[in-house]
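Taking it in order: structure first as structure tokens, then the write-up.
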Ligand SMILES: [Zn+2]
């Protein structure tokens, strides 16, 4: 995606992020003020619109958005009130940079945390129709959702993500924490998040 980095485009992204956040909150995946969503506004230099920190994700307005650079550091944009980005914005930027995704979803979905607990070396999935929803095959395709250890240091977490990343699999579980999923746009990232969560629920239910 390459739009100009201006207030209009950031607020438009903020509106889309707020709508997605309300949807995920309704599923119980963004309890309290947890989780965050982002969209790439520009690639060169990398700038992301990300949901602001500390807010109820079911009640966001379009203006509840922060802008960050490649290390998750806040970037000022004229006409936008500078809000504090989540500390996790640094991992969003890392995911967007490495995968080329223009939208990143991070939710504290319970099934992701439970699956990470049961399969700390990765969650193996195969022969399930819903795998098609994340761009894989419904038969004879071994899919591993990587699991990485949690950290409060986004650089360390980013390094773990990079080491575990498989370009065929658009999601990663952060152990004892939650799920990251990504796609070329927010709607696709939503579909991937929902399919991965379902696959993890299925895996847990059939263990
Ligand atoms: Zn989190």
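Just so it is clear, none of the values below were taken in a lab; they were calculated from the coordinates. Note that the coordinates shown come from a computational prediction; the quantities given were computed from them, not determined experimentally. Positions of Cβ are backbone-derived with ideal geometry, glycine not excepted, and every protein chain shown enters the neighbour counts.
Numbers for the structure displayed
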{"read-out": "Fluctuation leader among 135, 90, 28 - the chain, Gaussian network, Cα springs under 10 angstrom", "value": "135"}
{"read-out": "Region 7-205: proportion of alpha-carbon pairs further apart than 23 angstrom, %", "value": "37"}
{"read-out": "Value of [θ]222 nm, deg cm²/dmol, for the chain, DSSP H segments ≥ 4, -39500 (n - 2.57) each, nearest 500", "value": "-11000 deg cm²/dmol"}
{"read-out": "Label-point separation in nm, residue 126 to residue 98, each point 7 Å along Cα→Cβ", "value": "2.5"}
{"read-out": "0 to 90° range, to nearest 10: angle between helix 154-164 axis and the chain longest Cα axis", "value": "40"}
{"read-out": "Relative contact order (%) - criterion: Cα under 8 Å, at least six apart; region: the chain", "value": "19"}
{"read-out": "Euclidean distance of C-alpha centroids, region 1-70 and region 150-186, integer Å", "value": "18"}
{"read-out": "Simple spin-label estimate for residue 62 and residue 156 in nanometres, 7 Å along Cα-Cβ", "value": "4.0"}
{"read-out": "Value of D in µm² per second that Stokes-Einstein yields for region 1-118, Kirkwood Rh from Cα pairs, at 25 °C (0.890 mPa s)", "value": "175"}
